[in-house]
Amino acid sequence: MALLLPSASSVEIPVTGKWKSCRLINYALNGKRRAQFQTNSCIAMCMSSSSMMSKKLVWIWTQNKQVMTAAVERGWNTFVFPSHHRDLANDWSSIALIYPLFIEEGGLFDSEHRRVATFSEISSPEQLEQLQLDDEHVENVIVNLLDWQVIPAENIVAAFQSSQKTVFSISKTPSEAQIFLEALELGLGGVVLKVEDVKAVLELKDYFDKRNEVSNLLELTKATVTQVQMVGMGDRVCVDLCSLMRPGEGLLVGSFARGLFLVHSECLESNYISSRPFRVNAGPVHAYVAVPGGKTCYLSELKAGKEVIVVDQSGMQRTAIVGRVKIETRPLILVEAKRDSDNHTPYSILLQNAETVAVVCPHQGNEHQSTSIPVTSLKVGDEVLLRVQGGARHTGIEIKEFIVEK
């Protein structure tokens, strides 16, 4: 993460390595001109989508000392104050390393009176069009959508996606910020979170932490199947996502948290049933499944709106939202495996005995090789992929504790 600090007449943005100048724009609303800005703090965060990685900025607008402290502790150090709140800025500067910026007529200025930020208020499509046609030299534009809706956020993203402008929005809740950051996948360049509640800062930081996990490869380990056995009937869980999965992708599931198998989605064509690339036939209700934040939960706990981690054969991960969970009684197969480097620790998973249910196998470098093995074809000696991790869990969180699972 790159901390943004004031310098000369610009603000450093990791994409360019230089501070970009910004201009304050005020629109007449109901006969009145309004010029406002916010206490804020800036940090570069990485977001991931299926098409790109983009830098996102977060600014905080507050007059609450606890919010300031929480932001600084999480790396958000640049704050903006109204010009008449210089005493507050000086007070905070005496207890924390912050970088104050001040709102004055015509713009946002640093302590050396250099212009470094901009602000616009938009309440109509005409004002958005006016903003688009404004000064071509302004690289950063901060907008306040007075009549906030999802569609205006998408309109702004679409309007500026072919330009070099960095656009920020003012958000009053973390969920609002999330929509602005993800609109049309690309999202806006950043958000200004206007809050007086510490919880909002914590929630937004947690959101970024989860999204930043996506840029990290998960280490997957090869394991050799040691047993495949029919065990009878059980309640298995089909997890239907709000996203489509590609060959080689699936969910990390297992009977023991210490080792989760990569269970393939139903995205492959089959002679038995139509492809369902949004679905993973994941296993019985007792099994663990990987979710964001390095946590696990039981398959039985999943429901519409929850998030899970989708992982591919190379360990690339992304988050996906659960759209539906189906629990039905089906015949089950027990699969056990061990790692070559640890022949004493078994790993197991139970899966429905069906041709459409498969586990992902290691990449062998042969582009024609299958990415998965159906459980109906799985045999002792086959290699599968595992995510090996700590086995002790409390409410899905990994803890250090003696535990025996078998």
> Sorted from fewest to most neighbouring beta carbons within 10 Å, what does the list PHE81, PHE109, PHE168 look like?
Replying inline: PHE109, PHE81, PHE168
> Could you give the length gained on full extension between THR226 and GLU154, defined as 0.36 nm per residue of separation minus the Cα-Cα distance, in nm?
Replying inline: 20.8 nm
>> Give me the extension gain from GLU301 to ASP235: residue separation times 0.36 nm, minus the current Cα-Cα distance, reported in nm with one decimal.
In response: 22.4 nm
> Amide H to amide H, which residues 5 or more places from PHE102 or on other chains are under 5 Å from it, using H placed in the peptide plane?
Replying inline: PHE81, PHE109, ASP110
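FYI, it's all coordinate maths here, none of it is from the lab. This one's a predicted model, so the numbers in the text were calculated from it and none came from an experiment. Quick reminder, even Gly has a Cβ in these numbers, built from the backbone with ideal geometry, and neighbours come from all protein chains shown.
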